[in-house]
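The values are calculated or read from the model by the stated rules, or taken from the named source; none is laboratory data. In this text the structure is predicted, and so the values were computed from the model without any measurement. Neighbour counts run over all protein chains shown; Cβ positions are idealised from the backbone, glycine included. Ligands, DNA and RNA are stripped out before the accessible areas are found, and what is left, the full protein with its side chains, is counted by its heavy atoms. Shrake-Rupley method; radii C 1.70, N 1.55, O 1.52, S 1.80 Å.
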Amino acid sequence: MTTGRIHSIETFGTVDGPGIRSILFFQGCPLRCKYCHNRDTWNVKDGTEYTAEELIDNVSRYSSYWRSSGGGITASGGEATLQADFLAELFAIAKERDIHTCLDTSGFVDIEKIDKVLDNTDLVLLDIKHMNEEEAKNLTGVGIEKTLKLARHLDERNIPIWLRHVLVPGITDSEENLSQIGELAASLNNIDRLEILPYHTMGVHKWENMGLDYELKDVRDADADDVARAAEIIEKHGVKVFNNKK
């Protein structure tokens with residue numbers, strides 16, 4: 001029987017997919033994002049071990065809230081696709097029980113390993129770290145090509161995407177980068193939403209508690225003006241930014 005390792009569970013999530021959701025934070029991540037606010041999820045050997053059935057049973061106590069709000073479960077992390085076999089089994093059981101499934105991923109995946117996951121995935125939250133290959137590597141330790149390949153594959157499979165981008169002042173907010181995100185979104189037929197996530201430092205304490213140096217400690221939080229500017233650039237490509245309040 002396949003088992004997986006889970007870092008933590010948020011029982012009433014409202015931002016990682018539609019409705020009220022149980023957010024399952026998977027243990028383990030192949031990325032090394034400098035702004036990661038879940039630094040304690042990186043080690044795949046940590047966390048609590050579950051079978052897929054145990055995990056579904058655990059969170060199904062909240063199913064009345066999911067169903068009344070159009071919610072469900074979201075697999076996040078870390079990087080949930082690192083445990084692809086377990087995730088595939090989890091989502092298959094969820095669909096048998098008529099539970100809406102959402103995958104929150106960096107897209108740094110091998111498509112052949114996760115197609116079995118996508119067979120039972122209703123929605124993908126796809127994080128675009130940086131459109132420039134070298135800048136992406138500098139920021140996260142990995143390039144962007146696999147993410148772009150997954151975006152096109154999801155389009156081919158007609159699986160809806162919420163495209164998301166963390167706006168880090170001085171790092172991911174260049175006009176060139178934002179314009180390329182707009183171009184990407186405009187080229188796909190399955191983008192249900194595009195969100196700009198303002199960079200914040202709320203996760204810095206996790207790094208400090210682990211005795212680790214946080215490289216971006218001198219970078220300020222992004223504010224509403226930053227989001228509005230970014231949205232203006234992206235929206236020139238005919239794509240609406242969901243959380244642009246200006």
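Hey, can you rank 188-201, 14-27 by average C-beta count inside 10 Å, highest first?
14-27, 188-201
Rank Gly71, Gly170, Gly211 by mean-square fluctuation in a GNM of the chain with C-alpha springs under 10 angstrom and give only the top-ranked residue.
It is Gly211.
Stretched out fully, how many nm does the piece from Asn138 to Asp221 gain, at 0.36 nm a residue minus the Cα gap?
27.9 nm
Using +1 on the beta carbon of Lys and Arg, -1 on that of Asp and Glu, and nothing else charged, what's the dipole of the chain about the Cα centre, debye to 20?
For the chain, the charge dipole is close to 340 debye.
Of all the accessible heavy-atom surface of the chain, with the other protein chains kept in place and a 1.4 Å probe, what percent is carbon and sulfur?
46
For the chain, set up a Gaussian network in which alpha carbons nearer than 10 Å are linked by springs, and say which option among Glu135, Glu235, Glu175 fluctuates the most.
Per the Cα network of the chain with a 10 Å cutoff, Glu175 tops the list.
Assuming R0 = 30 Å, what is the FRET efficiency of Asn209 and Met1, from their Cβ-Cβ distance, to the nearest 0.05?
Plugging the Cβ-Cβ distance into 1/(1 + (r/R0)^6) gives 0.30.
For the chain, what does the helix formula give at 222 nm: sum of -39500 (n - 2.57) over DSSP H segments with n ≥ 4, over the residue count, nearest 500 deg cm²/dmol?
Taking each H run of at least 4 residues, the total per residue is -10500 deg cm²/dmol.
Averaged per residue, what accessible area in Å² does the stretch 3-236 show with a 1.4 Å probe, protein chains only?
Each residue of the stretch 3-236 exposes 43 Å² on average to a 1.4 Å probe.
Counting every Cα pair in the stretch 3-236, what percent are over 30 Å apart?
22
With each pseudo-label sitting 7 Å past Cα toward Cβ, what's the Lys236-Glu145 distance in nm, one decimal?
Reported label-point gap for Lys236 and Glu145 is 2.8 nm.
Can you pull the one-decimal nm distance between simple spin-label points at Lys34 and Asn243, each 7 Å off the Cα toward Cβ?
Result: 2.1 nm between the two label points.
For Thr201 and Ser69 in one chain, what is 0.36 nm times their gap in residues minus the Cα-Cα distance, to one decimal in nm?
44.5 nm
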